[in-house]
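Take a look at the structure below.
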Amino acid sequence: MDKKIVPYKKTVFVCTNVRADGRVACGNPGRGGLELCAALKDAVKDKGLKGKIRVARAGCLDLCAQGPNAFLYPDGEWLSGVTAADVPEILKKLTE
Ligand code: FES
């Protein structure tokens, strides 16, 4: 294995997990996880932050009922109940 320096200043992991069996999941229709991820990606691109901030789709982060969930790295900040309306605030956190 090769050890490398993290290529991004910050990363936001967004749960986009989908469950087709009726159990709650951040990426299920109406939950908003997929829309949140897309809105964050668009905002990062629009602000010219691509290559500095990475928006990464994540699988289940295990707090499903509180989702959509996101996790900021390396800040260690966990966000629950996040919507696309929170994107400006999240971007602010990522650029501080
Ligand atoms: S489905 Fe998002 S935290 Fe479990």
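Just so it is clear, none of the values below were taken in a lab; they were calculated from the coordinates. What you see is a predicted model, and the numbers here were worked out from it, not measured in a lab. So basically every Cβ, Gly included, is an ideal-geometry build from the backbone, and we count neighbours across all protein chains shown.
Counting only other residues whose beta carbon sits under 13 Å from that of N17, what net charge do I get with K and R as +1, D and E as -1? Don't skip to the end; give the middle numbers.
Details: positive: R19, R23, R31, R57; negative: D21, D62.
Residues close to N17 contribute a combined charge of +2.
Shown is the FRET efficiency for E89 and D21, computed with R0 = 25 Å from the Cβ-Cβ distance and rounded to the nearest 0.05: 0.15. To test your reading of the geometry: what angle, between 0 and 90 degrees and rounded to tens, separates the Cα axis of helix 33-46 from the longest principal axis of the chain? The two axes meet at around 20 degrees. Taking C64, C26, C15 as the candidate residues, the one with maximal mean-square fluctuation in a Gaussian network model of the chain, Cα springs under 10 Å, is C64.
Run the simple label-point estimate for D75 and A56 please: 7 Å along Cα→C-beta, distance reported in nm. Output for this residue pair reads 1.6 nm.
In the chain, how many lysine pairs have Cα atoms under 22 Å apart, counting only pairs 8 or more places apart or on different chains? Qualifying lysine pairs in the chain: 29.
Taking amide H as placed 1.01 Å from N in the peptide plane, E77 has its amide H under 5 Å from the amide H of L72, each at least 5 places away in sequence or on another chain. When restricted to Cα atoms, the range 15-95 yields an Rg and a Dmax of 12.3, 39 Å, respectively. Projecting the Cα atoms of N69, A20, I53 onto the charge dipole of the chain, computed from C-beta unit charges around the Cα centre, puts I53 farthest toward the positive end.
Within the listed set R19, R57, R31, the residue fluctuating most in the Gaussian network model of the chain (springs between alpha-carbon atoms under 10 angstrom) is R19.
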